[in-house]
Amino acid sequence: MTAVAATLRTAVANGLANRNSFWFQVSLMVANDITWIIFWVLFFHQVGNLRGWDAHDVIVLFSILLTTAGVALGLCANSRKIGQLSADGALDETLTLPVPPLAHLLSTRVDAANTGDLLLGPVVFLLAGNPSPERAAMFLFGVVAGSVVLIGFLVACGSLTLFVGGRGEQADLGFNAILIFASYPLDLFGGATKMLLFTAVPAAFVTGVPARLVRNFDTPEALLMVAVAALFALIGWGTFHLGLRHYSSGSIWIR
């Protein structure tokens with residue numbers, strides 16, 4: 001873990017090397033996020049309560065989504081790049097190092113733009129999420145568990161490239177699906193779609209369930225959240241390491 005921590009520190013330092021570019025990308029992402037938040041606030045100002053969700057609940061949901069995405073896509077930017085790295089033969093260098101390969105990959109690259117999500121999410125919660133010690137604890141719990149679910153899901157999707165080849169399209173499809181569904185209040189969906197959000201595309205456990213725990217803590221639901229986070233961590237880790245057995249370098253050598 002010391003090596004992984006050192007790698008992450010180096011990745012952060014590399015991201016900050018060009019500070020003007022870094023903060024410009026962060027600013028663009030923050031502006032984009034604020035636009036979405038303003039849209040939802042105006043929407044709920046017009047409709048009031050929608051299936052038990054109001055403007056404050058959606059603000060909490062977005063603060064969780066932003067922070068979780070900041071962790072998974074900002075600090076662990078390679079979580080959605082496993083397929084591309086495999087197709088490019090970029091796993092070769094990692095596999096020669098005396099470190100856990102998945103942990104090393106997840107800590108070698110920081111995305112400046114998505115770091116803006118990580119910076120804005122807690123600020124939104126503190127300013128507009130009706131924070132209290134209990135709600136702040138549940139916010140932190142939801143972010144940690146949701147980040148594990150999101151990273152595990154993205155790694156599993158990307159690792160399918162190790163089995164079926166291609167350029168990692170599976171990871172892109174999974175990424176788009178889970179982020180789109182996680183951006184909406186959970187109870188807007190019903191039937192088969194809602195079942196999908198609790199299973200194959202676990203968007204419910206990235207934002208919906210954590211937001212409900214902030215609003216109204218429920219011990220069985222919190223325990224379910226822990227179990228699901230552990231499950232997707234195992235799925236991501238297992239799929240990646242099983243895929244490595246099928247991996248062959250995609251590097252192209254030119255004389």
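Annotations
- Within the stretch 153-211, tally of residues that are exposed (fewer than 15 other Cβ atoms within 10 Å of the Cβ), assigned to a loop (DSSP other than H, G, I, E, B) and either touching a residue at least 60 places away in the same chain (Cβ under 8 Å) or not small (Gly, Ala, Ser) (or both): 4
- Residue-level check: of (1) loosely packed, with under 13 Cβ neighbours inside 10 Å; (2) within 30 Å of residue 242 (Cα to Cα), residue 70 misses just (1).
- The requirement of being closer than 20 Å to residue 8 by Cβ and outside any helix (DSSP H, G or I) is fulfilled somewhere in the stretch 111-124, by at least one residue.
- Selection status of residue 22, more than 20 Å from residue 208 (Cβ to Cβ), surrounded by 14 or more Cβ atoms within 10 Å (Cβ to Cβ) and among the hydrophobic types (A, V, I, L, M, F, W, C): yes
- Flag not set for residue 107, criterion: of a type in the set (S, T, N, Q) and at pLDDT 95 or above.
- Residue in the stretch 76-94 that is of a type in the set (A, V, I, L, M, F, W, C), in contact (Cβ under 8 Å) with a residue 60 or more places away in the chain, crowded, with 19+ Cβ neighbours inside 10 Å and closer than 25 Å to residue 131 by Cα present: no
- Some residue of the stretch 126-143 being touching a strand residue (DSSP E or B) at 6+ places or on another chain (Cβ under 9 Å), in a helix (DSSP H, G or I) and farther than 21 Å from residue 9 by Cα: no
- As a summary of the residue check, residue 217 satisfies the conditions (1) surrounded by 13 or more Cβ atoms within 10 Å (Cβ to Cβ); (2) more than 13 Å from the chain's Cα centre (by Cα); (3) in a helix (DSSP H, G or I) except for the one numbered (3).
- Looking only at the stretch 69-98, residues that are among the charged types (D, E, K, R) and in a helix (DSSP H, G or I) come to 3 in all.
- Those residues of the stretch 42-79 which are out of contact with any Asp or Glu (no Cβ under 7 Å at 6 or more places or on another chain), of a type in the set (D, E, K, R) and at pLDDT below 90, in sequence order: 54
- Within the stretch 123-146, residues that are small (Gly, Ala, Ser) reach partners that are surrounded by fewer than 17 Cβ atoms within 10 Å (Cβ to Cβ) and at pLDDT below 95 with beta carbons closer than 8 Å, at six or more positions or on different chains, in the pairs 128/56; 129/56.
The values are calculated or read from the model by the stated rules, or taken from the named source; none is laboratory data. This is a predicted model, so every value here is computed, not measured. Backbone-built Cβ (ideal geometry, glycine too); neighbour counts: all protein chains shown.
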